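> Please see the structure below; I have some questions.
The values are calculated or read from the model by the stated rules, or taken from the named source; none is laboratory data. Since the structure is predicted, the reported quantities are computational estimates derived from the model, not experimental observations. We place every Cβ from the backbone using ideal geometry, glycine too, and count neighbours over all the protein chains shown.
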Amino acid sequence: MKTRWVSLVFLLLACFSRAEAPARLSLEPAPGMIRADIYQVETVRNPKAVLVLCPGCNGNGEGLAGDPIWQDFAKKRNLGLVGLSFASELKDLHNGRGYYYAHNGSGKILIDGINKLFSRDLPILIYGFSGGAHFTARFVEWKPERVIAWCAYSAGWWDEPKISDIMPPGIVACGESDERLGASLIYFKQGRALRKPWLWIGIPNNGHSPEKRVESFTRDYFEAILQNRKRLDPTRTGLWVDIDKRSAAEMNIIRQYPSITGWLPDAGLLDIWRSLNGL
């Protein structure tokens with residue numbers, strides 16, 4: 001209940017806030033890219049981390065970075081704020097050479113851009129929809145040590161997750177009316193089979209369009225992780241849930257069938273998570 005009131009307060013404050021216009025930083029595109037811009041809003045002077053927002057295929061991140069709700073969240077949580085504006089030829093997005101594939105150069109461009117904007121190596125919170133989810137998931141796999149938490153919402157295809165010593169918590173989301181549902185759910189289950197502390201969100205009656213409630217939940221999820229980061233341990237803190245029953249998971253299910261369970265950083269998020277999943 002407390003988390004729900006916090007989300008409402010953020011929304012009301014944002015409605016009366018004046019959004020800052022993002023400034024563009026143009027960088028040299030990597031091979032397979034035709035644009036490498038980052039839009040930044042100076043939310044706070046000395047951020048403890050940076051929030052990266054990634055739009056759909058070849059999209060312009062200026063709109064996301066200019067969103068007063070995201071800006072207000074970043075200001076109150078002492079975060080820098082940037083929106084990606086990367087682009088590639090469509091053929092390169094499908095053949096593994098485009099910006100979706102962070103290890104090919106686009107990930108380094110993001111890191112270099114953050115270092116240039118903030119003059120240091122800040123940890124990253126990252127949210128991406130569609131094409132942005134492609135980049136987000138692969139960036140997290142490529143540089144997990146730079147990521148605090150993430151959300152990848154509705155990618156069309158995914159690389160198989162790999163075993164890693166560093167496993168930042170994250171959300172895999174998809175609309176249940178989206179043709180990308182099967183691929184997204186398989187990716188989530190592959191990650192959970194490797195014991196990665198991930199959470200699944202399947203949104204009823206949602207096709208391939210961003211659902212604002214997922215963005216709101218992502219902010220709550222990021223906030224819970226930021227507030228408890230020093231003592232965060234998925235084996236001891238938070239709440240494990242059964243993604244089929246939409247309820248708290250029993251310990252034997254978590255141990256024997258990890259792919260049908262997910263992790264919440266705070267038990268107070270359970271009711272919001274259940275409502276997103278149609279309950």
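> List pairs: first residue in the stretch 55-66 and touching a residue at least 24 places away in the same chain (Cβ under 8 Å), second residue aliphatic (A, V, I, L, M) and assigned to a loop (DSSP other than H, G, I, E, B) anywhere in the structure, Cβ distance under 9 angstrom, at least six positions apart or on different chains.
Matching pairs, first to second residue: 58/34; 62/21; 66/19; 66/21.
> Considering every residue within the stretch 82-99, establish whether at least one is crowded, with 23+ Cβ neighbours inside 10 Å, closer than 20 Å to residue 148 by Cα and either in contact with a Ser or Thr (Cβ under 7 Å, 6 or more places away or on another chain) or of a type in the set (Phe, Trp, Tyr) (or both).
Of the stretch 82-99, the ones crowded, with 23+ Cβ neighbours inside 10 Å are 82-86, 88, 98-99.
Within this subset, residues satisfying the condition of being closer than 20 Å to residue 148 by Cα are 82-84.
When the remaining residues are screened for being either in contact with a Ser or Thr (Cβ under 7 Å, 6 or more places away or on another chain) or of a type in the set (Phe, Trp, Tyr) (or both), the result is none.
Scanning the stretch 82-99, I find no residue that is crowded, with 23+ Cβ neighbours inside 10 Å, closer than 20 Å to residue 148 by Cα and either in contact with a Ser or Thr (Cβ under 7 Å, 6 or more places away or on another chain) or of a type in the set (Phe, Trp, Tyr) (or both), so the answer is no.
> Can you find even one residue in the stretch 228-246 that is more than 23 Å from residue 147 (Cβ to Cβ), acidic (Asp, Glu) and assigned to a strand (DSSP E or B)? Talk me through it step by step, then tell me what you get.
Just the residues of the stretch 228-246 that are more than 23 Å from residue 147 (Cβ to Cβ), to begin with: 242, 244-246.
If we keep only those that are acidic (Asp, Glu) as well, we get 242, 244.
Restricting the remaining residues to those that are assigned to a strand (DSSP E or B) gives 242.
Scanning the stretch 228-246, I find at least one residue that is more than 23 Å from residue 147 (Cβ to Cβ), acidic (Asp, Glu) and assigned to a strand (DSSP E or B), so the answer is yes.
> Out of everything in the stretch 124-180 that is among the hydroxyl-bearing types (Ser, Thr, Tyr) and touching a strand residue (DSSP E or B) at 6+ places or on another chain (Cβ under 8 Å), what residue ends up being surrounded by the fewest Cβ atoms within 10 Å (Cβ to Cβ)?
Kept after step one, since they are among the hydroxyl-bearing types (Ser, Thr, Tyr), are these residues of the stretch 124-180: 127, 130, 136, 153-154, 164, 177.
Filter again for touching a strand residue (DSSP E or B) at 6+ places or on another chain (Cβ under 8 Å), leaving 127, 130, 136, 153-154.
On the way: 127: 28, 130: 22, 136: 29, 153: 29, 154: 30.
Only one residue fits best here, namely 130.
> Here's something else I'd like to know. Quick one: count up the residues across the stretch 119-150 that are farther than 23 Å from residue 58 by Cβ and either small (Gly, Ala, Ser) or modelled with pLDDT under 95 (or both).
4
> Further, regarding this structure: Residue 274: surrounded by fewer than 16 Cβ atoms within 10 Å (Cβ to Cβ) and over 23 Å from the mean Cα position of the chain (by Cα), yes or no? Can you show your working first?
Details: surrounded by fewer than 16 Cβ atoms within 10 Å (Cβ to Cβ): yes; over 23 Å from the mean Cα position of the chain (by Cα): no.
So residue 274 fails the test.
> Return the pair list, or none, for Cβ contacts closer than 7 Å from residues in the stretch 83-95 that are within 22 Å of residue 64 (Cα to Cα) and in contact (Cβ under 8 Å) with a residue 60 or more places away in the chain to residues that are among the aliphatic types (A, V, I, L, M) and outside any strand (DSSP E or B), at least 6 apart or on different chains.
Cβ pairs passing all conditions: 83/64; 83/65.
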